[in-house]
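The values are calculated or read from the model by the stated rules, or taken from the named source; none is laboratory data. Quick caveat, the model's predicted, so the values are computed rather than measured. We place every Cβ from the backbone using ideal geometry, glycine too, and count neighbours over all the protein chains shown.
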Amino acid sequence: MSLYRVHFKWKEKEVELSARKLDLTHPYFVSIKDLVFDSKPRLIIDPSLDEVLKTFGSAHHLMIPFQTVSLIEEISENKEAPEKKVMPFTLVENNEPKEDKNRPE
């Protein structure tokens, strides 16, 4: 089953919502139904995600103006949120300048 990820601007902020049903037949609005929110517990709390959930979490149907929508993606429901990996990095400090053999002295 497909999910639709809709990116749009709301109150001067970029918002991303996922839904199972999307209707583009209205002349001025993108109609979004059956919103899907990630219910997995997270270690890091994202205040913007929490605000989106509080604002749109109880909605059954949203009508978003076309001019605020920047991107609509169709994705597989199984791959909605890819695992994010944290990659370690090392800081290399070298205070000695390298000698340039081609530079005249």
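Here are some notes:
- Breaking point among (1) modelled with pLDDT of 90 or more; (2) part of a strand (DSSP E or B), for Ser18: (1)
- Scan of the stretch 21-47 for residues that are modelled with pLDDT under 90 and not in a loop (DSSP other than H, G, I, E, B), ordered by number: Asp34, Leu35, Val36, Pro47
- Number of positions in the stretch 1-38 that are aromatic (Phe, Trp, Tyr) and more than 13 Å from the chain's Cα centre (by Cα): 3
- Tabulated pairs, the stretch 10-39, first more than 15 Å from Gly57 (Cα to Cα), second acidic (Asp, Glu), C-beta under 7 angstrom, 6+ apart or interchain: Lys21/Asp34; Ser31/Asp23
- Applying the criterion of being farther than 15 Å from Trp10 by Cβ and charged (D, E, K, R) to the residues of the stretch 51-75, the residue that is surrounded by the most Cβ atoms within 10 Å (Cβ to Cβ) is Glu73.
- Scope the stretch 79-94; condition at pLDDT below 60 and charged (D, E, K, R); matching residues: Lys79, Glu80, Glu83, Lys84, Lys85
- Subset of the stretch 48-78 (residues that are within 15 Å of Glu16 (Cβ to Cβ), within 16 Å of the chain's Cα centre (by Cα) and at pLDDT below 85): Ser48, Leu49, Asp50, Glu51, Val52, Leu53, Phe56
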